[in-house]
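Working notes, beginning with the structure itself.
The values are calculated or read from the model by the stated rules, or taken from the named source; none is laboratory data. Computed from a predicted structure; not experimentally measured. Cβ coordinates were reconstructed from backbone atoms using ideal geometry, including for glycine residues, and neighbour counts include every protein chain displayed.
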Amino acid sequence: MGKRKHLDCNPPELPGISRVTVITILGVTVTNDLYVSGQVTGIINKCAQTLYALKVLRSQGMSADSLAVIFESVVLAKILYASPAWWGFANSSDKDSKHFSADVLDSNHISSATQQ
């Protein structure tokens with residue numbers, strides 16, 4: 001069986017309304033073909049930046065308890081925010097991403113990420 005052809009069955013454009021290919025609604029980025037790879041990439045990048053900030057805070061002497069609170073309130077919140085809405089649209093490569101594996105949610109992750 002071959003691939004199905006993509007039919008462009010968009011309704012006619014209305015005057016004064018522009019058509020977009022990507023939209024962000026309440027912080028969730030969705031493309032016109034309902035892919036959320038941009039959402040997943042954005043979350044990974046934001047979490048990486050926060051983990052770097054946690055490493056800097058750790059090197060400045062912040063306690064492990066405080067780092068864990070920041071991790072839970074920032075990183076986990078970014079990962080879990082609206083995930084029920086976009087997770088079903090994620091493709092297998094997004095879901096298999098090492099950044100979304102179970103070890104990210106493991107409580108030991110914060111200590112190993114901030115001790116380096």
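Would you point out the residue of the range 68-116, among those that are at pLDDT 75 or above and among the hydroxyl-bearing types (Ser, Thr, Tyr), that is surrounded by the fewest Cβ atoms within 10 Å (Cβ to Cβ)?
Within the range 68-116, the match that is surrounded by the fewest Cβ atoms within 10 Å (Cβ to Cβ) is SER73.
Of all residues in the range 36-47, which are out of contact with any Lys or Arg (no Cβ under 7 Å at 6 or more places or on another chain) and buried (at least 17 other Cβ atoms within 10 Å of the Cβ)?
Scanning the range 36-47 gives VAL36, GLN39, VAL40, ILE44.
Can you pull out the residues in the range 9-56 that are without any contact (Cβ under 8 Å) to a residue 40 or more places away in the chain, assigned to a strand (DSSP E or B) and under 13 Å from ALA90 (Cβ atoms)?
Scanning the range 9-56 gives THR29, THR31.
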